Structures are given as structure tokens and as C-alpha cells.
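Everything on this sheet refers to the single structure shown next.
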Amino acid sequence: MKITRPSYFDSFSCIASACPDSCCQEWDVQVDADSAEYYRALPGQLGDDLRRLLKDEDGETVMTIVNRRCPMWRQDGLCRIQAELGEPALCKTCREFPRLTHDYGDFMERGLELSCPEAAGIILSAPMAPPIIESIPGGEAEYDEEAMEVLLRTRENVLSILADERRPVNESLALALLYGYQAQAELDGEEALPFDADSALESIREFVKLPEITELPSFFAELEILTVSWPERLKAPSPAPWDHRFRNLARYFVERYWLQAVSDYDLYCRVKYCIASCILIRQLGGDLLTTAQQYSKEIENNTDNVEAILDGAYAHPAFTDDKLLGLLLQA
Ligand code: SF4
């Protein structure tokens, strides 16, 4: 099995009590079955507290938050389970976060989550560099190999488009969106053709349309909300200038979501999801790292929200190509 991780992956280290927005607040923590069994069998006060706090819901065990905080999160910013029992006692969710794993059977891709502020800083500032690849024995492909070949190849192409600093960053994002059409056609069985970036841009200049600035934020305001400040931010967009870190942001979304189209052959809605995420983060303005991290916390860890955006990419008027391109090229 081939295991790939971004060049910046190993530079992450949790900053714990110095974290400006801990993962120990706002989220219920899903506790894996082995950890839940271990916690419920613990003696003493910690065991009593865990038995009281762990809840079984829909076949899963969760540690529910109290007053918007994980009840195991101490005033000094440290985790009580880790402090009393050591890091190996943490459940899988807490041990792994913010590390992500996508396992395709014969290869595995690792990454960091944007919803962790420390990881977000690394993601947004990391130089474009080839990933680190390791091999271990075993593993069998668990996917449509023909489709995966197209997805891997087209993802390389779109990452090259995003990395091309000869163009302004917003134009690179528009090209990534336009290339998404071509990549979807290849996934549908059409011949692989060279992508002519200049012609692609030229062909849509007349067609783009600048929508109301509130249209895309209003769509996001209808999704499930996690943090108190998010609805206020969506109500008052204040676009920031495009800056070079949007290349890193788009690369993050592409690396995370592009290959997932192997599950349903629906690439273009994911391309729109990746690019619309960058557009919304830019529209909301403020400090890019903080806005991107909050976006990820609100959206990426909520499957219902992600699904709603993937559906919206096809059906909702805020996601039409002319408007997304207008927001990229004219705003
Ligand atoms: S959000 Fe990231 S840096 Fe902050 S406490 Fe969690 S893992 Fe550590």
C-alpha cells in the first residue's frame, strides 16, 4: 500500500492551551467502541464522570458537550483524560484530530483539517511541494480503477492550474472551475484533451454575471449552524482582497475532495464545492486564517452541511456557473 501525505503534514503539533479555538469546544466527540468500553470500566471519580457523560445515540457513543465545551476540558486548557491517564487513553477522534485519512484500499492519503487553527496556519502558508510517499505491504484496490486513473490525472492537472502564479489567483480559481467541466467529461468517458486556459477564459468573458453579494452567504445561512458568530458573519459579508494564500486554500479543498468522486462519478459538484468554498471565505473577509478555519468547523465536519452544498451545487441559483465565475472575475 502506498501512503501519501502532504509535505507539511509532519510539522503539525497541537498547541493545546495556546489554541485560539480549541477542538474541545462546540463539537460533540464521537467515541470509538474500544475507548467507550475502556472509559466505562474505569474505576474512581474519572470513571464515574465518564459513565455519566457518555451517551449512546444511533448506534454510536458520544461525549456530549456541556456549556459548549467538552466536559473533560480543564480550565488550564488540558484534557482531563490525557492528564490523568496519558495520551494513549484518548479516544481515536481526539488522538487523530486534525489528521485525516482517506483509505482507498491499495493507497491511502493523509492530510490535516482546516478546522484546527494550527493546522490552518500550516495549510495556508505551506510552499507548493510534492507529497511524501511511503509504501507498506498489502492492500487491494477498492474502487473503479478506470475512474480513479482519470481522477488522479485530472487532479494533478488542476493542482498545476492552481499553482501557476503567472496568473492572478482569482483567474486560477476560475480556470480550475472551468477545467472541472473537462475533467467531468473525461470521467464520463470522453477523450482526454489538452486544456487551453486562454481560450477557456475568453469563451466565458461575455457569459459571467455578478450576483448580489449576499446570495451565496444566504445559502450558507440556511445550513446547520455551530458557532454563535457564524450567522452574523454570513449576514454581513465584507470581501477581502484575493491573496496568494487562496491558492493553498483551493489546493487543500481539491486534495481533500477530488478523488471522492470515485464513489458516485460526480466530480463537477465537488469542483463547485471547492471553488465556492474559497469564494465564500473571501466574501466574508476578516483575517483569512480565522475565516477559513471557522468555515471548516461549520461545514466540513458536518456531513449534512457538506451534502447540502453538493446538492446545492446543482440545484441552487447561488451556484450557477455564470455567478461563481462573476464572483471570481468581476467582484
Ligand atoms: S484545534 Fe488543533 S491546535 Fe487547537 S487544541 Fe485542537 S488539535 Fe490542538
Exercise for review: Filter the chymotrypsin sites (Phe, Trp or Tyr not before Pro) in the stretch 211-277 down to the DSSP loop ones having no more than 15 other Cβ atoms within 10 Å, then list what survives.
Suggested key: Tyr265
Review point. Expressed as a whole percentage, what fraction of the accessible surface of the chain belongs to carbon and sulfur atoms when a 1.4 Å probe is rolled over the protein heavy atoms?
Key: 50 percent
Point to revise | Electrostatic dipole magnitude of the chain [Cβ: Lys, Arg +1; Asp, Glu -1; Cα centre; debye, to 20] | key: 1440 debye
Practice item. Write down the Å³ per residue value for the convex hull defined by the alpha carbon atoms of the chain. Key: 149 Å³
Study note, to complete from the structure: Under Stokes-Einstein, the stretch 74-139 at 20 °C and 1.002 mPa s, with its Kirkwood radius over C-alpha pairs, diffuses with a coefficient in µm²/s of 147 µm²/s
Exercise for review: Would you mind checking Lys209/Lys297; Lys272/Lys297; Lys235/Lys323; Lys55/Lys92 for any pair whose Cα atoms are more than 22 angstrom apart?
Suggested key: Lys209/Lys297
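Please identify every one of the GluC sites (Glu not before Pro) in the stretch 112-152 that sits in a loop by DSSP and has no more than 14 other beta carbons within 10 Å of its own beta carbon.
Working: sites: Glu113, Glu118, Glu134, Glu140, Glu142, Glu145, Glu146, Glu149; in loops: Glu113, Glu140, Glu142.
Loop-located and lightly packed - Glu140, Glu142.
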**Study point:** Stokes-Einstein translational diffusion, the stretch 180-331 - Kirkwood Rh over all Cα pairs, 0.890 mPa s, 25 °C, in µm²/s
**Key:** 152 µm²/s
Point to revise | Antiparallel DSSP beta bridges within the chain, as percent of all bridges there, nearest 5 | key: 85 percent
Check your understanding: Any number yet on Rg/Rh for the stretch 146-262, C-alpha, Kirkwood?
Key -> 1.01
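Within a Cβ distance under 11 Å of Ala192, other residues only, what is the Lys/Arg minus Asp/Glu net charge? Provide the component values of the computation, followed by the final result.
Numbers: positive: Arg153; negative: Glu149, Glu186, Glu190, Glu191.
Local charge sum for Ala192: -3.
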Check your understanding: How much mean residue ellipticity at 222 nm does the chain get from its helices, if each DSSP H run of length 4 or more adds -39500 (n - 2.57) and you divide by all residues, to the nearest 500 deg cm²/dmol?
Key -> -14500 deg cm²/dmol
Study note, to complete from the structure: With the 1.4 Å probe rolled over protein heavy atoms, the stretch 92-187 has an accessible area per residue in Å² of 46 Å²
Review point. With the other protein chains left in place, how much accessible area per residue, in square angstrom, belongs to the stretch 249-331 at a 1.4 angstrom probe?
Key: 27 Å²
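What FRET efficiency do you get for Ala33 and Ala315 if R0 is 35 Å and r is their Cβ-Cβ distance, rounded to the nearest 0.05? Walk me through the numbers before you get to the answer.
Details: r = 37 Å, r/R0 = 1.07.
Calculated transfer efficiency: 0.40.
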**Study point:** Descending principal axes extents, the stretch 1-98, alpha-carbon based, whole Å
**Key:** 42, 35, 25
**Study point:** Per DSSP, loop GluC sites (Glu not before Pro) in the stretch 152-231 with at most 16 further Cβ within 10 Å
**Key:** Glu165, Glu190, Glu191, Glu206, Glu212, Glu222, Glu224
Point to revise | Free-standing Cys residues across the chain, given no other cysteine C-beta under 4.7 angstrom | key: Cys14, Cys19, Cys23, Cys79, Cys91, Cys94, Cys116, Cys269, Cys274, Cys278
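The values are calculated or read from the model by the stated rules, or taken from the named source; none is laboratory data. Keep in mind that this is a model prediction, so the values were computed, not measured. When we count neighbours, we look across all protein chains shown, and the Cβ atoms used for this are built from the backbone with ideal geometry, even at glycine. For the accessible areas, the whole protein counts, side chains as well, though only heavy atoms, and no ligand, DNA or RNA atoms are used. Shrake-Rupley method; radii C 1.70, N 1.55, O 1.52, S 1.80 Å.
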